[in-house]
Structure formats: structure tokens, C-alpha cells
Amino acid sequence: MTPDLTRRQLLGVTLAALAASSLAACGPKGSPPGKPGLSWYGGDPVHEAMQELVRLYGSKHPDVDVVAQFSAFDDYWDRLATQTAGRSAPDVMRMSMSYLADYADRGALTDLSAYLGKTSETGKLISIDDMAPDIADSARIDGAYYGVSQSSIANAAFVNRDLVAALGVPDVDESWTWADFGTWAKEVGAARDDVYGSMDQGGSLQLFESYVREHGTEMFTADGSNLAFDQGVLEEWWAYWDDLRANRGAPPAAVSAEVAGFDTWPLAKGTTPVGFGWVQQVAFVQPFLDGPLDILTPPTAGTGTSGLFVKCLDFWSIASTSSQPDEAARIIDFLVNDDDAIRTLGIVLGVPPSERAIGLLDLDAGSAEQRAVDYVGRIADVVPPAPPAWPLGYNELLTLFTKLGQDISFGEAGVSDAATEFFEQAARVLR
Amino acid sequence: MSALGELRTLRRQGAHKGSQALSEAARKEERAAYLFLVPWLAGLVLITAGPMVASLYVSLTDYNLLQPPEFLGLANYLQMLDDERLLNSLGVTFVYVFVSVPLQLAAALGIAVVLNRGMRGLAFYRSVYYLPSLLGGSVAVAVLWRRLFGADGLVNQGLALLGVHDAPAWVADPDTALGTLVVLNVWTFGAPMVIFLAGLRQVPVSLYEAAAVDGAGRWARFARITLPLITPIIFFNVVLQIIHAFQAFTQAFIVSGGTGGPSDSTMFFTLYLYQTGFGNFQMGYASAMAWVLLVIVAAFTAINFWASRFWVFYDD
Amino acid sequence: MTTDALKTATKHLVVILIGLAMTYPLAWMLVSAVRDEPDIFTTPGLWPVGDDLANFVEGWDSAGLPFSRYLVNSSLIALGAIVGNLVSCSMAAYAFARLRFRGRRVFFGIMLLTIMLPIHVVIVPQYVIFSQLGWVNTFWPLIVPKLLATDAFFVFLMVQFIRGIPRELDEAARIDGAGFFRIYAQILLPLMRPALVTTTIFTFIWTWNDFFTQLIYLTDPAMFSTSVALRSLVDSTSASSWGPLFAMSVVSLVPVFVVFLVGQKYIVQGIATTGGK
């Protein structure tokens, strides 16, 4: 291994790398005309419904051949990031609130302001007549619109009333405060030695957001550059769940750590009578239980303000490198407004984003899906305005929050240390 | 072996005879070598080297994948020293490498020897023992592992029959989760087993016959004939399994649902690297991590190669 | 005689017992494939065996196309990769193991370095290259690298095997006037059959099971490989189709198992050629 040789190798290799990186700098290529790309994430029901929509669009627009791409949520982002880096992102893409700011703030998405509007306005390709303002504005960042809402979503508590009755503990209703709930959950845990009060939500940043809002602030400052709440609120939250775990109000750490999908939810296994999640998830847990799950608003701090909100977390966005944004906009309009499209989708993407769309659905009365739709309809007008779009770096904080919650539950970190760590990391991540 | 050694010496002496003729032959040999290497060299230049050096450059930048990289210098490398999760992931990875590689190779070699010859139904057994490796990183393994090593999984049910009732929820306990991944790795010993088998198959039967005539016992034959002859193959497996184990990703990713949990106990270095690069859009930092890993792995490989002079016997 | 019989019986017993432990998970997978979905997670043992073939029916048509399409795609990719690895890696291995040339050690070191960098940091620049070539959504990004011996694992494997073959054999051929290519093709290739078969088997299995690169490069459902199609069935944010997933996992396991079953026979036969030396 003479130094001469290695140096020469390095030189050659560097040249190759230069070639590679200069390739990356090439201008946008985009999709071929008449063949716009459309990509989404989800499970098999989503894939089937969406492929049907692609066929439907093709039959209504014979000159356009939509090229579909799809994968499961976790895999989707690896591919999308790679494609975006290679300037070949699909024209229309499903975008999650968790990543919206990551993509939008870095110029990967088109500002849709020019396309959004009333049907009556000319040149507005995507109609948002029917959407409630909170839903229509969900993907708004600094005055620009980076996505069109696919659904309306809210936090909810799922209650297995059959189990509650069988345990002989008092019934619960929506007047519950976190304090009541804690006492009740411990009572549940004491009733039988294979049951705990509630699924552990210590690591749930999403439910915690509602909690924060009940303490007078949003989770993030308006410009998304920092956390807006007091560290004490977080310590309170984590201490609350620590206390529940210690008193059978929530399962021990190892039980919660085994959760890996809806099939392993303690609620699904009958280990707890209460679980929490986004309202449409009730439909994914319900198949594992015989009796119907009841959907309640989560407990409140009892301060009189509700922290709940209804907004949208999944959008249709257009890549900033799209070579045919107009066609892309037409596709999005079709996906959210076409009657046939709405009927085909049903609620596979969540509760539809508008009253009109909900009205077009023909769900079985009493089905979990119908209950989810009812819940959103019931609370939409009474909850306070939704928080702004989650800021850049949200996904990183989401992962960190869960991890820190887990550290506390396993006794690997103290509540205040973990809270300090979260605030330190947030200061680094948020800009 | 001594006869072979003599031949080797003769050959070396021959090689130094007549330098004029030699250089002509040497030139021809070198030309042939490069010709044989054409596909590999083309692959290196066109496919492998560019992205590798690109990642080395990216490791010196702030690169979020969506915007052009911005040059930072060594900041990413310095940041690693303060990153507790990274240092933890390095620790997890080292434990995994040093526990699972020896166990897996011992299992693979032992079973390859048993399944080599002298039994009926060998083909069947070999296939059965390879089955787990076919599953590899399939998503089904995730469910399977939770069913086996969960709180109410099969392992604990078995333990309960034996009277052990307070066994942990193996996959969900930070103290034992990494252990289940080691078991998973050992369980999928099929690849090194097959390589060992192929190596054993190259050992000439005539040598065994000669030794049997000499009255050597089974262990003696294994230690004196088999083992030395397959040292190149053992060496190969050691080197490659260490390289692979340092880059272990799929199984931890699948079993932990991508989190490296519980509580980072299965957060392998590459898993953290992946989360950093793709989840947090810090590809610059992730690339720096990758190059640190490369240096570590290269160091281990170099040590392996150096140590191989003392225990690996080549026939050439 | 009786002790011998006892010994053989014990040996078989041990091999069978370990074998059972090895295959339990697979048996569980088979059983799960014919179970109703909630039962997959609530029934711990192998009993009761389900008899519900609906998972196979549903799984076969999941992701929009018949599953046979993905099986064919995966087979094509694997076939290309096998041919590529066999030809290119054995050529490189011959050069590294037998021929003297300047830079041999450096090149060998570089070759090993290429497999030490995690795929996740090289996939983006690699994607850029293949994307510029217009190869996204074709099998080329998955096959061409194999044709160019980028899989150092197999080059190294073959080097080790060639070094286990006595040099006297090619030396003798050289004295008989054979050129380098003839030595490679007619002496070494036949002698390294176990290594070539091993390469074939591993390339097939690993290509079949590979996920990440296939996810990145194969975006059109019509181009999906089995692993990409399978993974699209399991989604952490919505309902996963575990039943169909298990059913199709079983289906996609059949080809790899057959390849292994056939292939291992040839590894074993290696003895016929090398045994006599």
C-alpha cells in the first residue's frame, strides 16, 4: 500500500464523486406530459381504494395516464426523501402533518394558494367550498398552503363499556377530569389482577398537545421556533402517568413496550378498558373486541378550557419540481371533491374533510366508522380553534418524546431530567 | 503438508529464475489480471466509488436531503462526541457483535460438521436448519418474535410449565430485548453454515482415509485435518460476519418497529444512523456516522487480516 | 454394535429436536396463514389449525395485481443477479487469488471497504445516478451492479475457495500451455463448484428477501417484487392485513426453499470433483 497509489486512487474516486454530485445538480426532469405521478401511503384497503380512484380518473380523463406509487407509511418516507433528493418526486403526493413542515420549509412543495378557491372563481382548480376553515387551513404555513386536507381528525378516548361493567367499577362519561380519571383508573386496576385502568399515554406527544392547550398555551410558539409551554406542564404530565403505572392505573412499562400495532393494543387484548388515539383508529381496534367501543372526549384538566381540536393531518401536496402542476391540481380536486371518488374512498383515509363528503357516505349505522364520523361531527363546533401546522422537526420530537416517556417508565430516567432533555433537544431541533 | 511446502518453495525459487523471461511473463499476467478485473473496476468507478465519496463529502456538510448540502467542516464528527444516544447505540452494537458473532459461528460450524456426512436424511436436515434463514428480515418475523418472546409468549408459557412464573417480557424489557435479537441472529445461522459445509466438502476424503489408517480418532482427525484445511473458510466467515454484525439493521428495525426500543436498548448504530438520516433529515450527520462506522469496521477487519497469518493456512 | 446403534439414534434425536426448534416458527407461520386475523394474535400455539384459505385468496390479489406478477418480477431480478454475480465475481476472484499485479492489495482493501458503508448513506447518490440514466422503475439498478461485481461478499468468498485449491493444478495446466482464461474456465471454475453453488443460492435468497433498494427503485406496482408487495400490506398507521401477509409470505417462501433444496445437493456433490485429488 504505497502512499502514491492511494493518493492516485483517491483522486480518481473524487472525480467520480464530482461527477455524481454534478449529476444531482441537473435541472428538474419531472414526469412525462400526460403521465403525472401520484403516490400515497397506507395499508391494503388504502391501496385498493386509491387504485380504483386512479382507474376512475383515467376513465374521466382518457388523455391522462396517472402513474400510481404506494407503500406503507414507514417505507413511504424513505422513498419520498430519496426521490425528492433526486428531483423526481411524484407530482401529487400524500403528505403527513408530521413531515409537512420538513418538506414545505425546504422548498419541496408547491404553494397551492393559486389553485385553491371557490368553485365559482375562475382559474381555481381545487375547490375548497365545503371545508370548515380549521380543516382547509391545516396545511397553512406562513400564509402559504402546502396541502389540501384529506380528512378531519381529533383526539379521542375509546372505552370498552363491557369490560367496565364486568369489572363492577363506576361508569365513565365526558365530564371526567384527569384527576377523576386517575382515581378511576387505579380503581379499575384494583378490581382484577389482569386488568389495568388505561393504556399508558405518557409517551403520546399528540394527546399531550391537548393537555398543553388546557394550560393556556399552544405547544409551539407561533413561528414554530420554540416550545411555548412551561417545563412544569410536561413534568406534571409525566409524573401523572408515572403515578398511574405505580398504582395499576396504567400497565407496567414492559406491557406498554410490547405495543406494536393495533393488534397489540392493551385495549384490543382486553387488558385495559380505555385507550386513546386519533378518532378513526377506533375502526382498527374494534375488530379485536366483541362489544362496541364507545368514543368519548379525553379527560380535561378541569380548567374550563378544552384542549381538543379538529384538524387535518393528511394532505394532498404537489411537488415543487412537478412539470405539470395544473394537471396535479386537477387530480387533487378530483380526489377530494368528486362524488364517485368520495364514495369509493369511504373512510379509508379517515373521516372525510367536509360535511358534504360525509353526507355522501353510506356507512352502516352503529359501525365503528359511523361512530367516528359522528364524534367528529359532534365536537367540531364546540372545540377551540386548531393549532397551526406542526413545525419543522416535529417528527424528530415525536420520536424523542416517546423514547423519553419510555425511559421514565422503565426507570432509566427521572421525570425532571427527561423533561429537561426534551426542552434541550427541542431548542436544537426547532428553528 | 510438508510435501506441499516443498513444492511451494520450489515454485518460489523457480519464479526468481531468469528475470528477463519473468518480466515478460509478469507483464502478461498483469494484463490478464486487469482484464479479469474489468467488470469489478467498472463497477467500482461507475457505481460504488461515486456514492461512497459523495457520502464522505456529505459527512462534512449540513445536508437535509431536500436542499443542497452546506459545508460545515468537521462539525458533524465533533457533535458525535456529545451525542449520548449515539454513544449508547455504539455500545449496543459492540455488545451485539461480540456476543452474537461467536455464538452464531460456533453454532454454524458445529452443525455443519454434524450435517456434513455420515448420517441418513442429511439433505432434509440441512434444509430444515436453513429454513429460519430463509425468513430472514421478513415482516412476519416481527410478529413471530413477539409471539415467542412476549410477556405471554411461547417461551414464557414453557417456563411457566417449569415453574418459572416471573419471567420478563423478553422483547419489551430493556434488559433482555437485545438478547432476543442475539437469539434471532444465532437462529439464522444458515448462511455461515452453508459456507462451512461447502468448505468441508473441499476437504479431500483421501486425507481422512490416510488418517484413519494411521489410527487417528475422530477428534484428532477433526483437529488435525479438517480444522486446518477449512481455516480460510472460517476466516472468511469471521471477517464477513463481523462486518455484517456491525451493520446489523433489518432485524432490530423489524422487531422494534423501527424504534430501536424499548428505551433504545436495541438501537443499533445503523438504526440510529437511518433514523437520523431519513427520519430527521440530517443526512450529513448520518453520513459522518457511517464513516465512523466504516473506520471501526475497517480496523477490525485489518486486525483480522493481520491475525490471520497465525492461524489461517492457505494451500497456495 | 448396539452402542453404535444407540449413538446413531441419539445423534438423530438431537438433530431432530434442534430441528423442531428451528422450524417451530415456520410451522406457526403456516398455521397463521390459514387463521382468521384476530386469532393470529390471540392463539399462541399451533393448535387449533385453521382451515381458512380466504387469506390466500385475498392475499393473492392484494396490492392491485395478482401475486404471480411479483413472483415473476422477483425471479427475473434474482436471475439477473445470479448470472451477474457468478460471472463477474468469479472473474475478479480469480485475479485476486491467483494473479500477480500491481495494486492487488490496495484494490482488495478497497473492495472490502465498499461493503462497510451502510446502504442508507449511499442510496441517495446512487439513486441520482440511476435516475439520470432513466433506470428508475426498471430492474437495471438491481441487476447491473451485480454484473459489475459490486457484491464484495462473493468476490471474497470465491477468493477464499480458490486459495483452498492447490496451485499445482493450474501450474500444471500452464506448463501444458494453457492461458489464463483456460485455467480460469476449465480448471478453477469446475473445482470451485461448491462456492459457485453457494453464490447462486445466496444471491437468489438475498435478492428475493432484499427490501430497501427494491423499495427505492421499483415504484410502479407492475414492477413490484414480492418483498415490496408484502411490505405494502403492513401499515403502522392503519389496519394491516396480517392474514394475507402470512399467506403470501408462505407463498413467496416456496421458491427460495426449492432453490435451497436443489442447490444444497450440488454443494454436496462438490466432493465428487475435489475428492479425488
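The values are calculated or read from the model by the stated rules, or taken from the named source; none is laboratory data. Computed from a predicted structure; not experimentally measured. Cβ placement follows ideal geometry from the backbone for every residue including glycine, while neighbour counts extend to all protein chains displayed. Heads up: the accessible areas ignore ligands, DNA and RNA and are worked out on the full protein's heavy atoms, side chains in. Shrake-Rupley method; radii C 1.70, N 1.55, O 1.52, S 1.80 Å.
Tabulated data
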quantity: Boolean, A:ALA260 is in a loop (DSSP other than H, G, I, E, B), within 14 Å of chain B (Cβ to nearest Cβ) and of a type in the set (A, V, I, L, M); calculated: yes
quantity: Any pair with Cβ under 7 angstrom, 6 or more apart, that starts in segment C:92-114 at a residue that is in contact (Cβ under 8 Å) with a residue 60 or more places away in the chain and ends at one that is among the hydroxyl-bearing types (Ser, Thr, Tyr) and surrounded by 22 or more Cβ atoms within 10 Å (Cβ to Cβ); calculated: C:TYR94/C:TYR184
quantity: Subset of segment A:394-431 (residues that are basic (Lys, Arg) and under 19 Å from the mean Cα position of the chain (by Cα)); calculated: A:LYS403
quantity: Those residues of segment A:99-113 which are small (Gly, Ala, Ser) and in contact with a helix residue (DSSP H, G or I) (Cβ under 9 Å, 6 or more places away or on another chain), in sequence order; calculated: A:ALA101, A:ALA108
quantity: Condition check for A:ARG378: among the charged types (D, E, K, R), more than 14 Å from chain B (Cβ to nearest Cβ) and either without any contact (Cβ under 8 Å) to a residue 24 or more places away in the chain or closer than 18 Å to A:VAL429 by Cβ (or both); calculated: yes
quantity: Candidates B:PHE222, B:PHE236, filtered to the one that is in a helix (DSSP H, G or I), open to solvent by 30 Å² or more (accessible area, probe 1.4 Å), of a type in the set (A, V, I, L, M, F, W, C) and in the same structural domain as B:VAL139 (by TED's automatic domain parsing); calculated: B:PHE222
quantity: Looking only at segment C:209-242, and only at residues there that are under 19 Å from the mean Cα position of the chain (by Cα) and open to solvent by 10 Å² or more (accessible area, probe 1.4 Å), the one that is farthest from the other protein chains (Cβ to nearest Cβ); calculated: C:THR213
quantity: Flag if B:ALA33 is out of contact with any Cys (no Cβ under 6 Å at 6 or more places or on another chain), free of Cβ contacts under 8 Å to residues at least 60 places away in the same chain, outside the structural domain of B:ALA223 (by TED's automatic domain parsing) and of a type outside the set (Asp, Glu); calculated: yes
quantity: Filtered residue count, segment B:273-293, keeping only those that are more than 11 Å from chain A (Cβ to nearest Cβ) and surrounded by fewer than 24 Cβ atoms within 10 Å (Cβ to Cβ); calculated: 3
quantity: Residue match in segment C:74-86 (condition: more than 14 Å from chain B (Cβ to nearest Cβ), surrounded by fewer than 17 Cβ atoms within 10 Å (Cβ to Cβ) and at pLDDT below 85); calculated: no
quantity: Residue list for segment C:51-72, filter: of a type outside the set (Gly, Ala, Ser), closer than 19 Å to C:PRO221 by Cα, touching a residue at least 12 places away in the same chain (Cβ under 8 Å) and open to solvent by 10 Å² or more (accessible area, probe 1.4 Å); calculated: C:GLU58, C:TRP60, C:LEU65, C:ARG69, C:LEU71
quantity: Which listed residue, of C:VAL155, C:VAL144, is open to solvent by less than 20 Å² (accessible area, probe 1.4 Å), out of contact with any strand residue (DSSP E or B) (no Cβ under 8 Å at 6 or more places or on another chain), facing chain B (nearest Cβ under 9 Å) and assigned to a helix (DSSP H, G or I); calculated: C:VAL155
quantity: Residue count for segment C:188-219, restricted to those that are at pLDDT 90 or above and not in a helix (DSSP H, G or I); calculated: 4
quantity: Top-ranked residue of segment B:123-145 - restricted to ones that are among the polar types (S, T, N, Q) and part of a helix (DSSP H, G or I), ranked as nearest to the other protein chains (Cβ to nearest Cβ); calculated: B:SER127
quantity: Residue within segment B:68-76 that is under 20 Å from the mean Cα position of the chain (by Cα), of a type in the set (S, T, N, Q) and under 28 Å from B:ILE242 (Cβ atoms) present; calculated: no
quantity: All positions within segment A:171-205 that are touching a Pro at 6+ places or on another chain (Cβ under 9 Å), surrounded by fewer than 21 Cβ atoms within 10 Å (Cβ to Cβ) and closer than 9 Å to A:GLY249 by Cβ; calculated: A:GLU187
quantity: Filter pass, A:VAL233 being farther than 29 Å from A:ASP194 by Cα and either hydrophobic (A, V, I, L, M, F, W, C) or open to solvent by less than 40 Å² (accessible area, probe 1.4 Å) (or both); calculated: yes
quantity: Positions within segment B:166-187 being among the hydrophobic types (A, V, I, L, M, F, W, C), within 7 Å of another protein chain (Cβ to nearest Cβ) and not in a helix (DSSP H, G or I), in sequence order; calculated: B:ALA169
quantity: Which listed residue, of B:LEU135, B:LEU144, B:LEU131, is under 15 Å from B:VAL194 (Cα atoms) and open to solvent by less than 20 Å² (accessible area, probe 1.4 Å); calculated: B:LEU131
quantity: Filter pass, B:PHE253 being of a type in the set (Phe, Trp, Tyr), modelled with pLDDT of 90 or more and within 13 Å of the chain's Cα centre (by Cα); calculated: no
quantity: Selection count where residues are open to solvent by 10 Å² or more (accessible area, probe 1.4 Å) and either of a type in the set (A, V, I, L, M, F, W, C) or under 18 Å from the mean Cα position of the chain (by Cα) (or both), scope segment A:278-294; calculated: 7
quantity: Segment C:243-263: number of residues that are open to solvent by 10 Å² or more (accessible area, probe 1.4 Å) and within 7 Å of another protein chain (Cβ to nearest Cβ); calculated: 3
quantity: Filter result for the condition that a residue is farther than 20 Å from A:LEU205 by Cβ and within 11 Å of chain B (Cβ to nearest Cβ), over A:ALA68, A:ALA81; calculated: A:ALA81
quantity: Spans of helices (runs of 4 or more DSSP H) in segment A:315-360 with at least 1 residues aromatic (Phe, Trp, Tyr) and either in contact (Cβ under 8 Å) with a residue 24 or more places away in the chain or open to solvent by less than 30 Å² (accessible area, probe 1.4 Å) (or both); calculated: A:325-337
quantity: Condition broken by C:PHE101, with the remaining ones in (1) among the aromatic types (Phe, Trp, Tyr); (2) part of a loop (DSSP other than H, G, I, E, B); (3) buried (at least 22 other Cβ atoms within 10 Å of the Cβ) satisfied; calculated: (3)
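The rows are residues; the columns are (1) at positive phi; (2) out of contact with any Ser or Thr (no Cβ under 8 Å at 6 or more places or on another chain).
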site	(1), (2)
A:GLN206	no, yes
A:VAL212	no, yes
A:GLU218	no, yes
A:GLY224	yes, yes
A:LEU227	no, no
A:VAL279	no, yes
